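The values are calculated or read from the model by the stated rules, or taken from the named source; none is laboratory data. Keep in mind that what you see is a predicted model, and the values were worked out from it rather than measured. Here the Cβ is made from the backbone with ideal geometry for all residues, glycine too, and neighbour counts use every protein chain on show.
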Amino acid sequence: MSNIVKAAIVQTAWTGDKDSMIELHEKYLAEAAEAGAQAMCFQELFYGPYFCQVQDDQYYSYAEAVPDGPTTKRFQELAERHGMVLVLPMYEEEQPGILYNTAAVIDADGTYLGKYRKTHIPQVKGFWEKFYFRPGNLGFPVFETAVGRVGVYICYDRHFPEGWRALGLHGAQIVFNPSATSRGLSSYLWQLEQTASAAANMYYVGAINRVGVEPLGDNDFYGSSYFANPRGQIVDGAASDQDEELVIRDLDLDAIDEVRAQWAFYRDRRPDMYGPLTEA
């Protein structure tokens, strides 16, 4: 019996306003559904610009409640209509002044399953995220969905192996990593870290980046979104480094068990030796 999941990711450029960004992603969602996709993830802070290039409190207005805000509710309806699992990276307001970089996970019947909050928050030139977000406090949840066990790690998180491992230990089969990352800063790491994390943890990774240069700064977002398989290989090539693109790939979940039986990294772990890692 086939255990293939047709999964989609999409990289887009900033359109100029929130409403048109949401409409653009609705269009790509419908296109993915028409192609038979069963699960889809958008880019980091998908309905806005990457406003962390500046420090300006006017951008707090992009935050909304998750799951009770309008965007989550809207895409719950769309998930049910299309029968697709959705991962929605958004700016979350838990309460006034308490804001997170968050991804909501919605099942294929429109049920809200929960959320992940970005754990590691950068504060460097062009990525002033501590001005906007508190560090995540929900751990590394894995969600039981219609397509399997799905986890989320967000952008800067990818530089930290601990969360990747935690998601694997929690049973993740597909981990989405929505990002907004700049050509001059980390492009040489893009195909290194996430493929290595897929191999080290023997699951699929969906790596999503936006494209273009936005009015708020000179960060050149280089797209190149892709899926990596449990052996760390890119599945059927990466997306353009310049243009908007919808990426749809077939992910064979049976390959996870095959690779784990062959490589046995989980069997040979030595957690009894790792205590000092949490004390340093």
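List of remarks:
- Cross-chain or 6+ apart pairs with Cβ under 9 Å, region 128-145 first and assigned to a helix (DSSP H, G or I), then of a type in the set (Val, Ile, Thr) and at pLDDT 95 or above: 129/121; 130/121; 131/54
- Under the condition of being closer than 27 Å to residue 99 by Cβ, assigned to a loop (DSSP other than H, G, I, E, B) and either touching a strand residue (DSSP E or B) at 6+ places or on another chain (Cβ under 8 Å) or among the polar types (S, T, N, Q) (or both), the residues counted in region 30-50 number 8.
- Tally of residues being surrounded by 20 or more Cβ atoms within 10 Å (Cβ to Cβ) and either assigned to a strand (DSSP E or B) or touching an Asp or Glu at 6+ places or on another chain (Cβ under 7 Å) (or both) across region 183-224: 10
- Of the criteria (1) charged (D, E, K, R); (2) touching a Phe, Trp or Tyr at 6+ places or on another chain (Cβ under 6 Å); (3) under 17 Å from residue 178 (Cα atoms), which one residue 18 fails: (3)
- Qualifying residue in region 241-253 (condition: part of a helix (DSSP H, G or I) and surrounded by 11 or more Cβ atoms within 10 Å (Cβ to Cβ)): no
- If you go through region 38-53 and pick out every residue that is in contact with a helix residue (DSSP H, G or I) (Cβ under 7 Å, 6 or more places away or on another chain) and of a type outside the set (A, V, I, L, M, F, W, C), you end up with 3.
- Residues of region 36-61 that turn out to be among the aliphatic types (A, V, I, L, M), under 19 Å from the mean Cα position of the chain (by Cα) and closer than 20 Å to residue 121 by Cβ, as a count: 1
- Boolean, residue 165 is crowded, with 16+ Cβ neighbours inside 10 Å, in contact (Cβ under 8 Å) with a residue 24 or more places away in the chain, basic (Lys, Arg) and under 30 Å from residue 254 (Cβ atoms): yes
- With respect to the conditions (1) surrounded by fewer than 18 Cβ atoms within 10 Å (Cβ to Cβ); (2) assigned to a strand (DSSP E or B); (3) not small (Gly, Ala, Ser), residue 175 falls short on a single one, namely (1).
- Contact annotation: residue pairs with Cβ atoms under 8 Å, 6 or more positions apart or on different chains, pairing a residue in region 176-199 that is free of Cβ contacts under 8 Å to residues at least 60 places away in the same chain and under 15 Å from residue 226 (Cβ atoms) with a partner that is basic (Lys, Arg) and outside any loop (DSSP other than H, G, I, E, B), are 177/158; 193/158; 194/158; 197/158.
- Unmet criterion (only one of (1) on the phi > 0 side of the Ramachandran plot; (2) in a helix (DSSP H, G or I)) for residue 76: (1)
- Matching entry among 112, 100 (being closer than 22 Å to residue 136 by Cα, touching a residue at least 12 places away in the same chain (Cβ under 8 Å), of a type in the set (Phe, Trp, Tyr) and touching a helix residue (DSSP H, G or I) at 6+ places or on another chain (Cβ under 8 Å)): 112
- Counting the residues of region 12-35 that are over 17 Å from the mean Cα position of the chain (by Cα) and either farther than 22 Å from residue 240 by Cα or free of Cβ contacts under 8 Å to residues at least 24 places away in the same chain (or both) gives 10.
- Hey, residue 249 of a type in the set (D, E, K, R), touching a Phe, Trp or Tyr at 6+ places or on another chain (Cβ under 8 Å) and in contact (Cβ under 8 Å) with a residue 12 or more places away in the chain or not: yes
- The set of residues in region 100-134 being within 16 Å of the chain's Cα centre (by Cα) and not β-branched (Val, Ile, Thr) consists of 100, 101, 103, 104, 107, 113, 114, 115, 116, 117, 118, 120.
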